[in-house]
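Here is the structure we will look at.
The values are calculated or read from the model by the stated rules, or taken from the named source; none is laboratory data. Everything quoted here is computed from the prediction, not taken from an experiment. Backbone-built Cβ (ideal geometry, glycine too); neighbour counts: all protein chains shown. Keep in mind that these areas ignore ligands, DNA and RNA; they rest on the heavy atoms of the full protein, side chains included. Shrake-Rupley method; radii C 1.70, N 1.55, O 1.52, S 1.80 Å.
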Amino acid sequence: VRVQEEDGAHRQALPDEVILQLAEMGRNIAEMYEYPQDIEWAWVTGDSGATHPKEGASHLAWGEVYILQSRPITTLFPLPEGLPLEPLKAMIGFHVVQGILEPMTPLGRQSMEHILTGGALAFGADYTYDNQTAFYTAAERIWINVTGIIRHPLGLKAYPRAIKSIDPAVGQIFEHLMGDPRLAPVTRLPKPRTIFNLLKFIIPFWGRIIKYWRHPHQGAGDFFALMEEEMAKIKAVSQRGHGLWDRFRTHLELWQDSRFLFPRTVVPRGVSAVVAGMVPFFGILQPFSAQTGHPQRYLEIARGLPNNVTTEMDLILWETAQTIRDNDDAYQAFTNTSARQLAEEYLSKELPPAAQKAVEKFMSRYGMRGLGEIDLGRPRWREEPLHIMQTIKSYLSITDPEQAPDVVFARGAEAARKAGEELINDVRQLRWGWFKSRLVRMAIGRYRALAGLREAPKFFAIRVMGVIRQGFLESGRALDEAGLLENPDDLFFLYAPELEEAAEKETITPTMRESIQERRETRAREMKRVQLPRVLLSDGRVFFEGLQTGDGETDSIVGDPVSPGVVEGKVRVVLNPHETQLLPGEILVCPGTDPAWTPLFLAAGGLVMEVGGMMTHGSVVAREYGIPAVVGVHEATTRLETGQRVRVDGSTGRVLILDGGG
């Protein structure tokens with residue numbers, strides 16, 4: 001090694017030819033990956049040590065440029081179009097709340113804004129998707145504007161606890177941001193009309209909650225009956241009209257009417273049921289569990305909940321697998337045929353009769369569900385059944401009777417009963433224990449009867465969206481056959497005003513077709529984005545990090561403990577359930593989940609997610625199944641590798657790597 005010190009401050013570090021070469025390389029790499037790149041490079045001079053080529057010298061004589069590494073510039077995240085830098089706005093990703101990381105289709109995004117904004121009608125406010133300020137679009141994804149909440153004194157008090165139940169890492173990010181004076185609370189006196197509208201909503205809302213508490217089982221039954229009644233009305237409307245454009249206008253009308261979904265049904269009846277279940281959970285069971293020295297016990301009471309449409313769906317899919325197991329032809333087909341081939345045979349009705357009938361029965365009830373189902377433009381199981389075939393194959397590999405999902409679920413319900421009795425007995429030893437124990441018993445009864453309804457409002461909304469999607473696909477196929485579209489799902493790449501224009505003119509214009517193609521290309525490019533921030537500020541700052549420990553162990557694999565218990569097993573990193581089959585007992589490691597992921601939970605030994613908190617979907621279902629779960633783990637899908645053996649502690653939030661696997 002030779003060390004030579006020189007004063008290079010007044011000398012050009014790279015020759016012009018190399019600078020130009022690097023610039024060209026940088027452009028080519030960015031174009032290849034379709035994103036701005038963070039590129040590491042090296043320049044090695046020739047053997048002569050010359051830093052500039054001599055006249056007539058070969059390229060290798062004066063040096064060579066090497067590209068060492070290229071990766072996306074994750075901090076260079078696009079801002080919502082037209083959003084000014086000031087006043088500062090703070091936004092959290094919709095993917096943090098819903099676990100859908102992929103870009104949404106144009107109509108899918110607008111549908112969510114249309115439906116969610118319509119919920120304001122329940123509070124006396126009338127907003128539409130084109131004049132609301134609660135949601136923005138960046139990187140083809142929805143961002144929720146929470147600025148007004150955190151700048152309101154009351155909102156600032158309630159927000160940290162509420163957001164930590166969704167994603168603790170977001171709570172930590174906002175604790176850091178609270179020092180920014182641009183996000184300081186501003187006291188504003190509410191307008192009299194605002195107070196009137198809130199009281200008009202709150203009084204009957206709490207009246208319904210009290211009614212749920214008085215008759216919890218009847219209340220749950222009444223809500224399910226209401227859902228079926230509303231669905232019957234919507235399906236009847238969907239059958240109106242004759243001819244291509246008459247039917248098209250019917251489907252568009254159903255989409256437009258979906259803005260009343262929340263104010264008429266979901267908020268007054270569904271959300272009140274959810275609140276009726278959550279109040280005893282967080283208001284009584286959680287604090288009393290802490291007082292008795294068992295802070296995780298209230299989570300154990302959440303196992304095996306009745307009235308949950310998602311766990312019911314998973315158990316019915318298990319029954320479907322058992323029907324297939326009991327038929328030799330069906331069982332042999334699922335044992336010896338790939339999931340992809342099974343999916344193709346199901347769609348062409350070529351499965352063995354017993355299997356075809358069993359899967360069709362499942363699809364008749366749940367076929368409108370699918371991965372990323374909140375996006376109206378994403379395919380449903382009845383269109384792409386690959387995920388269901390893979391899950392059935394996983395279920396068929398469960399041979400231990402004690403690990404059968406229905407047995408595990410029943411065991412969880414019994415464990416919840418015992419945990420409840422233990423909590424009641426421990427509370428009885430406290431001061432005023434006779435009264436507190438009666439209060440806890442009442443809370444357990446109400447919680448167990450009503451908490452499962454948490455999934456019901458969304459299930460109702462997804463069923464409605466399923467009818468709307470079927471309608472647009474019907475019109476899309478007709479327009480495809482008429483030569484006006486290239487694909488039956490092209491309509492999901494148009495926005496509502498364009499659909500309204502098409503209905504009025506009874507055609508799909510060339511401009512619309514060009515827009516469809518451009519938006520498909522944009523979505524395909526966004527599918528390549530590998531990392532999403534949790535929080536986005538209008539000044540361009542982004543925050544990715546997951547949960548950090550308070551003791552400085554930033555390298556620890558740690559997250560939020562949301563489902564108690566300890567399990568050891570092999571890691572299975574799953575980015576897309578369509579591409580992976582989970583083996584029984586494996587630890588499912590994924591970016592996030594929505595209801596379409598939960599059939600995998602019945603085969604999983606444990607769960608580790610990058611996003612989520614106590615009350616996000618994956619956490620709730622994991623608790624109900626009794627699966628140890630840790631969520632909010634930063635970059636879990638890259639820090640953990642398939643085949644590694646790990647220990648997941650759902651009580652402390654730590655994930656320990658036991659060996660490297662292979």
Report task. With the checklist (1) more than 24 Å from the chain's Cα centre (by Cα); (2) of a type outside the set (S, T, N, Q); (3) assigned to a helix (DSSP H, G or I) in hand, flag the one item Pro295 doesn't pass. Result -> (3)
Requested in this report: Taking only the range 398-425 into account, find how many residues are open to solvent by less than 50 Å² (accessible area, probe 1.4 Å) and farther than 18 Å from Glu312 by Cα.
Outcome: 6
Query - Tabulated pairs, the range 542-563, first closer than 23 Å to Arg161 by Cβ and open to solvent by 30 Å² or more (accessible area, probe 1.4 Å), second at pLDDT below 80 and polar (S, T, N, Q), C-beta under 8 angstrom, 6+ apart or interchain - result: Gln548/Thr554
Query raised in the report: Does the range 170-188 contain any residue that is of a type in the set (S, T, N, Q), part of a helix (DSSP H, G or I) and over 30 Å from Glu545 (Cβ atoms)?
Result: no
Query raised in the report: What's the number of the condition Ala355 fails, among (1) touching a residue at least 60 places away in the same chain (Cβ under 8 Å); (2) in a helix (DSSP H, G or I); (3) surrounded by 19 or more Cβ atoms within 10 Å (Cβ to Cβ)?
Result: (1)
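Residues are listed down the side, and each one gets a yes or a no for (1) of a type in the set (Ser, Thr, Tyr); (2) modelled with pLDDT of 80 or more; (3) within 30 Å of Gly540 (Cα to Cα):
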| site | (1), (2), (3) |
| --- | --- |
| Gly8 | no, no, no |
| Gln21 | no, yes, no |
| Met32 | no, yes, yes |
| Glu40 | no, yes, yes |
| Asp47 | no, no, no |
| Trp62 | no, no, no |
| Leu68 | no, yes, yes |
Query raised in the report: What residue, of Val589, Val648, is more than 21 Å from the chain's Cα centre (by Cα) and assigned to a strand (DSSP E or B)?
Result: Val648
Query - Matching entry among Arg454, Arg441 (being at pLDDT below 95 and not aromatic (Phe, Trp, Tyr)) - result: Arg454
Requested in this report: Check Asn327, Asn336 and return the single one that is surrounded by fewer than 16 Cβ atoms within 10 Å (Cβ to Cβ) and farther than 30 Å from Arg523 by Cβ.
Outcome: Asn336
Query raised in the report: Within the range 505-530, restricting attention to residues that are open to solvent by 50 Å² or more (accessible area, probe 1.4 Å) and polar (S, T, N, Q), which residue is nearest to the chain's Cα centre (by Cα)?
Result: Gln517
**Report entry** When residues of the range 74-95 are limited to those that are at pLDDT below 90, among the hydrophobic types (A, V, I, L, M, F, W, C) and open to solvent by less than 60 Å² (accessible area, probe 1.4 Å), the one nearest to Pro185 (Cα to Cα)
**Finding:** Leu83
Report summary line: Within the range 120-138, residues being open to solvent by less than 10 Å² (accessible area, probe 1.4 Å) and touching a helix residue (DSSP H, G or I) at 6+ places or on another chain (Cβ under 9 Å) number 0
Report summary line: Taking the range 339-350 and the residues there that are closer than 22 Å to Leu315 by Cα and modelled with pLDDT of 95 or more, the one that is most open to solvent (accessible area, probe 1.4 Å) would be Tyr346
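Let's see how each residue does on (1) hydrophobic (A, V, I, L, M, F, W, C); (2) modelled with pLDDT under 95; (3) within 21 Å of the chain's Cα centre (by Cα):
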| site | (1), (2), (3) |
| --- | --- |
| Tyr366 | no, no, yes |
| Leu371 | yes, yes, yes |
| Gln390 | no, yes, yes |
| Tyr395 | no, yes, no |
| Thr399 | no, yes, no |
| Pro405 | no, yes, no |
Report task. Having 1 or more residues that are of a type in the set (Phe, Trp, Tyr) is the bar; report the helices (runs of 4 or more DSSP H) wholly within the range 191-283 that clear it. Result -> 192-214, 216-238, 244-257
